[in-house]
Each structure stands twice: as C-alpha cells, then as structure tokens.
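Pasting in a structure now, in structure tokens, and then I'll have a few things to ask.
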Amino acid sequence: MQDLSQEVLSAAQVVWDYHRLDHDLVPADLIFVLGSHDLRVADRAAELFHLGLAPQMVMSGGYGNFTKGVFSEPEADRFAQRVVELGVPRKQIWIENRATHTGENVTLTRDLVARRDYSVESLIAVQKPYMERRTFATLRKQWPEVGVRVTSPRCSLSEYCNEAFPMSQVITIMVGDLHRIMTYPDRGYQIVQAVPASVDSAFQFLVSKGFDQHLSPSDSGDTGG
C-alpha cells in the first residue's frame with residue numbers, strides 16, 4: 001500500500017489546487033464534455049445544460065487508459081446515455097466517440113463542429129477536477145480561436161475520492177497530469193503553464209514516494225494523452 005501520510009496528503013492537496021482553475025462560467029455556444037471513467041463529469045454537464053449555459057453539447061471519447069477493456073461502449077456514448085437520463089434532449093447532443101486522449105478529444109471535436117457548420121466562439125469544457133488545467137492548456141493550443149472556460153464536478157479532494165476512485169490512484173493520476181503540463185508544451189501539445197515552486201516541490205515529493213506510475217513517457221510515442 002502506498003504511503004498516505006499527512007505529508008503525502010498535504011502535497012496532494014497542493015497539486016489538486018493547482019489543477020483546479022475554478023473559472024466563473026458564463027453562457028457559451030457549446031458544452032464540450034471530455035469522456036473518461038468518471039460519470040460525475042456527465043452529471044456536471046447535464047447540470048450546466050439545465051442552467052441554460054449552452055444550447056448544444058458534444059460528448060467526446062472512445063476508449064482511454066481507464067476504460068479500454070472496462071466499458072462495453074465508448075465513453076462518449078456512455079456519457080450521452082447518462083445525460084439523457086438526466087433530462088438532456090438527445091437531439092442536443094453530438095457524439096465524437098473515437099478520441100483516445102485529450103489532444104484527440106479537442107481536435108476531433110473541433111473537426112466535428114466544423115463539419116456540422118456550427119459556429120462556436122466560446123465553449124465550456126467539462127472535465128475531471130484534476131484535469132481542468134491540462135484541458136485548458138490543450139484547448140488554447142489546439143483550438144486557439146475559441147474562448148474557453150473549464151469546469152468539473154464541484155467537490156474537494158477528499159470528497160472526490162471513494163471506493164471507485166481511491167486516493168492513492170487519484171494522487172498517481174494527478175502527478176502524471178502535472179508532469180504532462182510540464183512537458184507537453186515542448187512537444188507542441190499545450191500552451192505553457194507556469195508551475196509555482198511549491199507545486200513543483202509537491203510533485204517531486206510525491207514522485208519520490210512512489211506516485212510515478214502515470215508519468216508521461218519520454219519517447220515520441222506519447223501523443224498527448
């Protein structure tokens with residue numbers, strides 16, 4: 001079992017807080033939902049739709065690291081089913097179900113919107129809490145002409161974690177996402193995001209404690225996941 005001492009939890013909180021952008025939301029042209037293994041993201045998207053924050057929704061996601069071999073259908077289709085159950089009209093949902101990582105979520109959705117000849121000047125991206133910043137950085141690089149605000153399920157780190165999403169796993173994923181924020185700009189995947197010294201120190205500490213299974217590979221095979 002990995003170390004979940006108070007020192008580890010404090011460092012994890014620093015990383016969690018960095019990933020969260022807490023954008024104030026305003027009406028937009030599109031709700032862009034990035035699929036994953038966490039259906040709470042779909043719940044948040046349905047909430048935004050019912051608040052009238054956008055007239056159209058795109059669900060994006062095929063099978064990723066945590067859903068391949070687990071989900072019986074692509075993430076986008078599973079998410080669409082969820083929001084329909086929560087009262088979102090099916091005709092207001094477009095499906096992009098081929099993306100396998102964040103970069104493809106953005107580029108394939110951008111292409112889908114273009115094919116639909118739908119004008120998007122602004123969008124609200126819905127993601128897991130610890131992926132807000134990386135999603136924003138990817139969108140600003142890959143779809144720079146569109147105004148972007150990012151949101152996620154509203155919860156604390158301790159509230160987010162449960163039996164399905166154990167703290168040790170969440171910390172490992174957060175550390176990996178922070179590593180991608182640090183390294184992906186040089187690969188052309190994202191814009192540069194400043195990383196405060198306190199966040200870098202927390203990252204180095206958590207890596208030293210063994211939360212390193214989700215770090216970005218250094219080879220060219222890592223394509224923006």
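No lab work stands behind these numbers, since they all come straight from the coordinates. Not measured: the values here are computed from a predicted model. As a convention, Cβ positions derive from the backbone with ideal geometry for all residues, glycine included, and neighbour counts pool all protein chains shown.
Report the net charge of residues surrounding Asn97, where surrounding means a beta-carbon distance below 12 angstrom and charges are Lys +1, Arg +1, Asp -1, Glu -1.
Spelling it out: positives minus negatives among the neighbours equals -3.
On to the next question. Using the alpha-carbon atoms, what tilt in degrees (0 to 90, nearest 10) does helix 197-208 show relative to the longest principal axis of the chain?
Around 70 degrees separate the two axes.
Here's something else I'd like to know. Within the set of other residues whose C-beta is less than 12 Å from the C-beta of Asp38, count the net charge using Lys and Arg as +1 and Asp and Glu as -1.
Its environment carries a net charge of +3.
Would you kindly give the portion of the calculated P(r) for the range 54-175 that falls above 23 Å, as a percent of all Cα pairs?
Roughly 34 percent, rounded to a whole number.
Mind listing P(r) for the range 130-224? All alpha-carbon pairs, 5 Å bins, whole percents.
Per 5 Å bin, starting at zero, the Cα-Cα P(r) for the range 130-224 comes out as 2, 12, 20, 23, 22, 14, 6, 1, 0 percent.
For the range 6-81, what's the radius of gyration and Dmax over Cα atoms, in angstrom?
15.1, 45
For Arg90 and Asp117, what does the FRET efficiency come to when R0 = 22 Å and r is the distance between their Cβ atoms, rounded to the nearest 0.05?
Result of the calculation: an efficiency of 0.60.
For the chain, what does -39500 (n - 2.57) per DSSP helix run (n ≥ 4), summed and divided by total residues, give at 222 nm, in deg cm²/dmol to the nearest 500?
-13500 deg cm²/dmol
Against the globular-protein guess of 2.2 N^0.38 Å, express the Cα radius of gyration of the chain as a ratio, rounded to two decimals.
Output field value: 0.98.
What number comes out for the charge environment of Val207, summing +1 per Lys or Arg and -1 per Asp or Glu over other residues with Cβ under 15 Å away?
-3
At a Förster radius of 25 Å, what calculated FRET efficiency corresponds to the Cβ-Cβ distance of Asp17 and Asn65, to the nearest 0.05?
Approximately 0.55, to the nearest 0.05.
Place a point 7 Å from the Cα of Ser168 along the Cα-to-Cβ direction; which residues of the range 18-44 have their backbone N under 15 Å from it?
Within reach of a label on Ser168, which here means backbone N under 15 Å from a point 7 Å along Cα→Cβ, the range 18-44 contributes nothing.
Quick one: if you stick a label point 7 Å off each Cα along the C-beta vector at Glu159 and Gln213, how many nm between them?
About 2.7 nm separates the two model spin labels.
At what distance in nm do the modelled label points of Glu7 and Thr183 sit from each other, each positioned 7 Å from its Cα along Cα→Cβ?
Modelled inter-label distance: 2.6 nm.
Rg (Å, one decimal) plus Dmax (Å, integer) for the alpha carbons of the range 1-43?
Rg then Dmax for the range 1-43, in Å: 15.5, 45.
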